[in-house]
Amino acid sequence: MSTLRIIAGKAKGMRIQSVPGDSTRPITDRAKEALFNIISTDLIDSSWLDCFGGTGSVSIEALSRGAKSATIIDLHPLAIETIKRNLIYTKFHQYSEVIKSDTFVYLKKTPKKSYDYVFIAPPQYKGLWQKTIEILDHNPDWVIDDGWIIVQIHPVEYKTIELKNFREFDQRQYGSTLFIFYQRPIDE
């Protein structure tokens with residue numbers, strides 16, 4: 001089983017486990033470092049909703065750098081086990097909640113809370129990122145008023161999506177990783 005590392009913060013240098021098999025595609029260190037450089041100090045005391053948790057790497061990185069909480073959703077039992085092990089190993093389990101659920105079903109529920117950041121990195125080439133954004137657009141209370149939705153996909157998957165409650169405000173590409181950033185429209 002390969003290992004991934006936490007780049008910065010309280011757990012800097014710790015190596016976490018990957019999910020056995022090929023059901024997940026972990027974020028590269030380069031892309032993860034770039035993402036957190038974009039967010040920068042806004043990360044402190046933020047809350048995260050990680051919609052396709054995989055290894056939990058992005059949420060653990062956020063917690064390591066000062067986020068106050070993370071809710072991590074995944075449907076697959078091996079991913080759930082891996083996320084829980086990684087959270088215990090890095091000592092962030094008390095700041096997180098791991099939910100075994102289909103992301104689409106979960107996001108259609110009335111949210112118990114709103115999040116500063118909603119991170120979407122689903123299995124590639126299936127249009128799942130678009131479906132997730134559209135569900136959030138119909139149920140926008142998952143995101144605080146000035147919160148961000150961050151999508152991680154392969155660049156060939158990208159297409160413009162018409163949304164009512166969110167707008168795309170930035171894109172950044174790092175090799176075969178494209179981040180797309182959405183937020184609520186700003187009244188001018």
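The values are calculated or read from the model by the stated rules, or taken from the named source; none is laboratory data. Nothing here was measured: the structure is a model prediction, and the numbers come from that model. All Cβ positions, glycine included, derive from the backbone under ideal geometry; neighbour counts span all protein chains shown.
Odds and ends about this structure:
- Residues within segment 87-113 that are within 24 Å of S40 (Cβ to Cβ), in contact (Cβ under 8 Å) with a residue 60 or more places away in the chain and surrounded by 15 or more Cβ atoms within 10 Å (Cβ to Cβ), tallied: 2
- A70 passes every criterion in (1) under 26 Å from G175 (Cβ atoms); (2) in a loop (DSSP other than H, G, I, E, B); (3) in contact with an Asp or Glu (Cβ under 9 Å, 6 or more places away or on another chain); (4) small (G, A, S) apart from (2).
- Among residues of segment 170-188, those that are touching a strand residue (DSSP E or B) at 6+ places or on another chain (Cβ under 7 Å) and either surrounded by fewer than 13 Cβ atoms within 10 Å (Cβ to Cβ) or farther than 24 Å from I27 by Cα (or both), counted: 4
- Those residues of segment 35-61 which are part of a strand (DSSP E or B) and under 16 Å from K12 (Cβ atoms), in sequence order: none
- Residue in segment 117-143 that is modelled with the highest pLDDT, counting only those that are surrounded by fewer than 17 Cβ atoms within 10 Å (Cβ to Cβ) and either touching a strand residue (DSSP E or B) at 6+ places or on another chain (Cβ under 6 Å) or not in a helix (DSSP H, G or I) (or both): N139
- Of the residues making up segment 72-86, those that are buried (at least 21 other Cβ atoms within 10 Å of the Cβ) and under 26 Å from K131 (Cβ atoms) are I72, I73, D74, A79, T82, I83.
- Some residue of segment 18-27 being surrounded by fewer than 21 Cβ atoms within 10 Å (Cβ to Cβ) and either among the acidic types (D, E) or at pLDDT 95 or above (or both): yes
- A single entry from D50, D45 fulfils the requirement of being under 18 Å from I72 (Cα atoms) and loosely packed, with under 14 Cβ neighbours inside 10 Å: D45.
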